[in-house]
Amino acid sequence: MPALGAKADIRGYEADLPFTTHLRTAEILIERGMADTQSTPPAQKAAPYSSSAPHPYACFRCRKSFKRASRVEAVLPCPNCGGPSIGLTRKFKPPKSTDAKQWKKVEALVRHGFLFWSLSEPYPETLEEVPAFALRHASFVACERANNPEAFAQIDAALSLET
């Protein structure tokens, strides 16, 4: 191993060894899906956080999605129907409002606690695949719920109104 301060060539750039060591560690974590490369839903941002970057909110009552600047609230009223809309990550791509099957799948994922983070595998294509997917990622969702109990309490309360 080269001495501390020795130069190493990573991706064509010369850098001090400690930096390249950290860079490679970060690359390994990203490859293994262990790095924090996820978009944070609005309800999980620290309270003083404010951003002009919009986050999607999904309303399952009228099957519409809209974007609002990052806020602390996990649930906002839908501007279309007034029902509850759930704040998701920027990774969320809403289905067409006419695609009822895909909206049911999205709702099932949110009911299982998924707010469309980046995960180690793609999200399910169909509603039938959701339970197995949720089971495979149950520990991840449990950690998210433990880290953000207020946000998930708001989401669970809003979803209970829709049943």
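The values are calculated or read from the model by the stated rules, or taken from the named source; none is laboratory data. This structure is a prediction, so every number in the text was calculated from the model and none was measured. When we count neighbours, we look across all protein chains shown, and the Cβ atoms used for this are built from the backbone with ideal geometry, even at glycine.
Suppose the filter is within 17 Å of SER160 (Cα to Cα) and out of contact with any strand residue (DSSP E or B) (no Cβ under 8 Å at 6 or more places or on another chain); does LYS104 pass it? Walk me through it before giving the result.
On the way: within 17 Å of SER160 (Cα to Cα): yes; out of contact with any strand residue (DSSP E or B) (no Cβ under 8 Å at 6 or more places or on another chain): yes.
It is true that LYS104 is within 17 Å of SER160 (Cα to Cα) and out of contact with any strand residue (DSSP E or B) (no Cβ under 8 Å at 6 or more places or on another chain).
Can you tell me which of PRO94, PRO149, PRO124 is free of Cβ contacts under 8 Å to residues at least 24 places away in the same chain and crowded, with 16+ Cβ neighbours inside 10 Å?
PRO124
What's the number of the only condition in (1) at pLDDT 95 or above; (2) of a type in the set (A, V, I, L, M); (3) touching a His at 6+ places or on another chain (Cβ under 8 Å) that LEU135 fails to meet?
Only one criterion in (1) at pLDDT 95 or above; (2) of a type in the set (A, V, I, L, M); (3) touching a His at 6+ places or on another chain (Cβ under 8 Å) is unmet by LEU135, namely (3).
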